1. Where in the range 27-51 does the amide nitrogen come within less than 16 Å of the point 7 Å from the Cα of T5, taken along Cα to Cβ?
2. Give, rounded to the nearest 20 debye, the magnitude of the charge dipole that the range 14-130 has about its Cα centre when Lys and Arg contribute +1 at Cβ and Asp and Glu contribute -1 at Cβ.
3. Kirkwood hydrodynamic radius (Cα pairs, Å) of the range 52-145?
4. Of the accessible area of the range 8-158, with the probe set at 1.4 angstrom, what percent is carbon plus sulfur?
5. Counting Lys and Arg as +1 and Asp and Glu as -1, each charge on the Cβ, what is the dipole of the range 98-182 about the Cα centre in debye, to the nearest 20?
6. If one takes the longest principal axis of the Cα atoms in the chain, at what angle in degrees, from 0 to 90 and to the nearest 10, does the Cα axis of helix 150-160 lie?
7. State the extension gain, in nm to one decimal, for the chain segment bounded by A166 and H49, taking 0.36 nm per residue of separation less the distance between their alpha-carbons.
8. Under the rule of at least 5 residues apart or a separate chain, name every residue whose amide H is placed under 5 Å from the amide H of G116.
Amino acid sequence: MDPRTAALVVVDVQHGFVNRHSEHAVPQVVRLVDAWTTAGQPVVFARFHNAPGSPYERISNWTRLRSADEQALVPELEPYLDVAALVIDKTVSSALTEDLSRLAAERHWTDLVLCGIDTDSCVYDTAVAAYHGGLRPWIVTDACASTGGAEVHEAALLLARRNIGAHQLLTVDEVADRLAGGSLPAKGACA
């Protein structure tokens, strides 16, 4: 990953997705965003909105993420909205929307560095969409979490290792090292 051609995408770190299983990832996300923006690199924030009549409601009977409070980003990230390259409001799991795809093309981003909540849904779906869209996805494993718990988070990382490559999983420390000019783990190394 070359930070000069990458964007950090913070996926759905919203009040409605923070619970006892996911809250530990919030400080890591903030640490990553701070390091990324301090290095002068672009950050994108995605916010999920569960629209009435959505498949989440119709099929899964899930009606959360409807109120403004649930949809709001956690307060620790609000100061970074002023420097965001893009803020995406989405009604689907993937953050790779038309707007993000267009901006990536305009700015010649080749890589998307992903963090956020839920590892098993929105983060994973964004990684797979980026992969299929010709962008190189990186998942920052310790800056992600699942509202379903550690077992669900680990299951998503298992699938990511299989479907986008084990070498595409990093930690916050590895990303910070790369921002500082260090090197990433050798190809094929697991996070």
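The values are calculated or read from the model by the stated rules, or taken from the named source; none is laboratory data. Please read these numbers as outputs of a predicted model, since none were measured by experiment. Cβ coordinates were reconstructed from backbone atoms using ideal geometry, including for glycine residues, and neighbour counts include every protein chain displayed. Side chains included, ligands, DNA and RNA excluded: accessible areas come from the protein's heavy atoms. Shrake-Rupley method; radii C 1.70, N 1.55, O 1.52, S 1.80 Å.
1. From the range 27-51, the list is 42.
2. Approximately 180 debye in magnitude.
3. 14.6 Å
4. 51 percent
5. 320 debye
6. The angle comes out near 60 degrees.
7. Result: 39.1 nm gained on full extension.
8. Distant-sequence amide H within range of G116: V11, C144, A145.
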